[in-house]
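S.K.: Here you go, one structure.
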Amino acid sequence: MNTKNPQFDVVIVGAGAAGIGCAVVLKDLGIENFVILERHQVGASFSRWPEEMRFITPSFPSHGFGLLDLNSVVLKTSPALTFRQEHLSGKDYALYLETIAEYLELPVKTETNVEKIEALPQCKGFVIQTNRGELRSQFVIWAAGEFQYPRLTPFPGADLCIHNSQVRSWSELEGDEFVVIGGYESGVDAASNLAALGKKVKLLDRNSSWLNLDPDPSISLSPYSLMRLEIAYSMGRVELIGEQDIKAVKAVENGYMVESESEKWFSSTAPILCTGFDTSLKQIAPMFDWSNGHAALTQEDESTVTPGLFVVGPSVRHGELIFCFIYKFRQRFAVVVNAIAQRLEIDTTPLEVYRREGLFLEDLSCCDNDCIC
């Protein structure tokens, strides 16, 4: 970045789990002319989690028996072994990513905000504008996460609420009773942590997510979340209110009124908004086809309308398949890098280890969430 308009083979946008994991695969193939651009610091989204938030996917040091830790993004690593914890905090996981970046000397440029990406004509690469200058690259891998893009305005009056991503610690919130809007993972996490502090919580959800029995944890609550919710509910600290689509929040005397089409709930404290996050791909939305409601990708996770632009991380979708967990989207790193390496005429033999370790998911027809018991 110190030279004028530096030229790279690959630019990775984002130094979270997807960006760091994909960068290691590039390095394993001997690709050195790449850079990772990170708006803040390595693992920044994880380090900004509420202090009490934990991974819902368990970590376990089982790679010696052919089963990579569910939260690992690099072979022969295990967050569980490093931190001796099954459900890591965001700060722990950020440290895991920082350690990988430092140990493998990955070319990360922090405090570098990507402001604009322009595709050059005739598939000649990309011009990337950043707050630290311009650079060019033959390929771009978009690995930005979603935590930095919270859905803050899902209904009128949402600005009166506190989004869960804005909470540094649940212990800092004053009051004894709370209304949490949204009953998926973020909402259950908020309710469980508030209940653990002795607070009483009304958990409002559009669909009664706690009753969803879908075997895909991208759609239904994880066992970890259900267990915590059951404990809080059994102690009488959480009231579950389902099938309520919230239409507005209004300021009233001594508090707030949360309204659905048929019901109202008073809260003396600012309601907690757990309405999820937007895909970071909206920052470069014109570079994708959105006709199916999500960014259309090829079988190699490349934009169908912008050749050379690849996606890794939680925004990857193929039909009904959602790759929003680390153990899911890490299986696509080698697929993306393999496509890039072939175009750079680089030997892809080193990727065979990824095939053996189950980290080279090419055939999406094998993905099946059916479970007989």
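The values are calculated or read from the model by the stated rules, or taken from the named source; none is laboratory data. Fair warning: this is a prediction, and the values are worked out from it, not measured in the lab. In this analysis, Cβ positions are derived from the backbone assuming ideal geometry, glycine residues included, and neighbour counts consider all displayed protein chains. Protein only, heavy atoms only, side chains kept; ligands, DNA and RNA dropped before computing areas. Shrake-Rupley method; radii C 1.70, N 1.55, O 1.52, S 1.80 Å.
S.K.: Can you pull out the residues in the range 34-43 that are within 19 Å of the chain's Cα centre (by Cα) and in contact (Cβ under 8 Å) with a residue 60 or more places away in the chain? Walk me through it before giving the result.
M.R.: Step one: filter the range 34-43 for residues within 19 Å of the chain's Cα centre (by Cα), giving 36-43.
Matches in the range 34-43: ILE36, LEU37, GLU38, ARG39, HIS40, GLN41, VAL42.
S.K.: If you don't mind, there's one more thing I want to ask. Among the listed residues PHE325, PHE360, which satisfies the condition of being of a type in the set (A, V, I, L, M, F, W, C), without any contact (Cβ under 8 Å) to a residue 60 or more places away in the chain, open to solvent by less than 80 Å² (accessible area, probe 1.4 Å) and under 15 Å from ALA18 (Cα atoms)? Quick ask: steps written out before the conclusion?
M.R.: Values: PHE325 fails: without any contact (Cβ under 8 Å) to a residue 60 or more places away in the chain.
Exactly one of PHE325, PHE360 is of a type in the set (A, V, I, L, M, F, W, C), without any contact (Cβ under 8 Å) to a residue 60 or more places away in the chain, open to solvent by less than 80 Å² (accessible area, probe 1.4 Å) and under 15 Å from ALA18 (Cα atoms), namely PHE360.
S.K.: Find the residue count for the range 99-112, including only residues that are open to solvent by less than 50 Å² (accessible area, probe 1.4 Å) and either of a type in the set (Gly, Ala, Ser) or not in a strand (DSSP E or B) (or both). First the steps, then the outcome.
M.R.: Step one: filter the range 99-112 for residues open to solvent by less than 50 Å² (accessible area, probe 1.4 Å), giving 100-101, 106-108, 110, 112.
Going one step further and asking which of them are either of a type in the set (Gly, Ala, Ser) or not in a strand (DSSP E or B) (or both), we end up with 100-101, 106-107, 110, 112.
Summing the residues that are open to solvent by less than 50 Å² (accessible area, probe 1.4 Å) and either of a type in the set (Gly, Ala, Ser) or not in a strand (DSSP E or B) (or both) in the range 99-112 gives 6.
Table: residues versus (1) within 30 Å of VAL238 (Cα to Cα); (2) acidic (Asp, Glu); (3) open to solvent by 50 Å² or more (accessible area, probe 1.4 Å).
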position: GLY276; (1), (2), (3): yes, no, no
position: ALA296; (1), (2), (3): no, no, no
position: VAL305; (1), (2), (3): no, no, yes
position: PHE310; (1), (2), (3): no, no, no
position: LEU321; (1), (2), (3): no, no, no
position: TYR354; (1), (2), (3): no, no, no
position: SER365; (1), (2), (3): no, no, yes
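S.K.: In the range 81-94, is there at least one residue being under 21 Å from the mean Cα position of the chain (by Cα), surrounded by fewer than 17 Cβ atoms within 10 Å (Cβ to Cβ), polar (S, T, N, Q) and under 30 Å from TYR224 (Cβ atoms)?
M.R.: yes
S.K.: Can you tell me which residue within the range 240-290, out of those that are over 28 Å from the mean Cα position of the chain (by Cα) and of a type in the set (Asp, Glu), is nearest to PRO150 (Cα to Cα)?
M.R.: Kept after step one, since they are over 28 Å from the mean Cα position of the chain (by Cα), are these residues of the range 240-290: 250-269.
Okay, now just the ones that are also of a type in the set (Asp, Glu), so 253, 259, 261, 263.
Values: GLU253: 28, GLU259: 21, GLU261: 24, GLU263: 26 Å.
Checked the range 240-290; the qualifying residue nearest to PRO150 (Cα to Cα) is GLU259.
S.K.: Within the set of pairs 6 or more residues apart or between chains, which connect a residue that is part of a loop (DSSP other than H, G, I, E, B) inside the range 136-148 to a residue that is open to solvent by less than 10 Å² (accessible area, probe 1.4 Å) and of a type in the set (Ser, Thr, Tyr) with Cβ atoms less than 7 Å apart?
M.R.: So the pair list comes out as ALA144/SER280; GLY145/SER280; GLU146/SER280.
S.K.: Across the range 69-80, what is the total count of residues that are open to solvent by 40 Å² or more (accessible area, probe 1.4 Å) and under 17 Å from the mean Cα position of the chain (by Cα)?
M.R.: 1
S.K.: Step by step: first the residues of the range 217-259, then only those that are free of Cβ contacts under 8 Å to residues at least 24 places away in the same chain and polar (S, T, N, Q), then the one that is least open to solvent (accessible area, probe 1.4 Å). Which residue is that?
M.R.: Ranking the candidates gives SER220 first.
S.K.: Of (1) more than 19 Å from GLY145 (Cβ to Cβ); (2) more than 19 Å from the chain's Cα centre (by Cα), PRO58 satisfies all except one. Which?
M.R.: With (1) more than 19 Å from GLY145 (Cβ to Cβ); (2) more than 19 Å from the chain's Cα centre (by Cα) applied to PRO58, the lone miss is (2).
S.K.: With respect to ALA195, determine if the residue is part of a helix (DSSP H, G or I) and touching a helix residue (DSSP H, G or I) at 6+ places or on another chain (Cβ under 9 Å). Steps first, please.
M.R.: Values: part of a helix (DSSP H, G or I): yes; touching a helix residue (DSSP H, G or I) at 6+ places or on another chain (Cβ under 9 Å): yes.
Yes.
S.K.: Restricting the search to the range 256-274, which residues are modelled with pLDDT of 95 or more and in a loop (DSSP other than H, G, I, E, B)? Outline the logic, then answer.
M.R.: Quick first cut of the range 256-274, residues modelled with pLDDT of 95 or more only: 256-260, 263-274.
Listed by number, the residues that qualify are SER260, GLU263, SER268, THR269, ALA270, PRO271, CYS274.
S.K.: Being closer than 21 Å to VAL127 by Cα and among the hydrophobic types (A, V, I, L, M, F, W, C) is the filter; apply it to the range 278-294 and report the residue that is surrounded by the fewest Cβ atoms within 10 Å (Cβ to Cβ).
M.R.: So the first thing to find is which residues in the range 278-294 are closer than 21 Å to VAL127 by Cα, and the list is 280-289.
Filter once more, so that each one left must be among the hydrophobic types (A, V, I, L, M, F, W, C): 281, 284-285, 287-288.
Values: LEU281: 21, ILE284: 21, ALA285: 10, MET287: 18, PHE288: 22.
It comes out as ALA285.
S.K.: Test of understanding: among ASN207, ASN193, which residue is without any contact (Cβ under 8 Å) to a residue 60 or more places away in the chain and open to solvent by 10 Å² or more (accessible area, probe 1.4 Å)?
M.R.: Just a single option satisfies the conditions, and that option is ASN207.
S.K.: I've got another one for you. Given the range 322-368, what helices (runs of 4 or more DSSP H) lie entirely inside it while holding 2 or more residues that are modelled with pLDDT of 95 or more and among the aliphatic types (A, V, I, L, M)? Give the derivation first.
M.R.: Values: elements: 326-329, 333-343, 352-356.
Per the criteria, 333-343.
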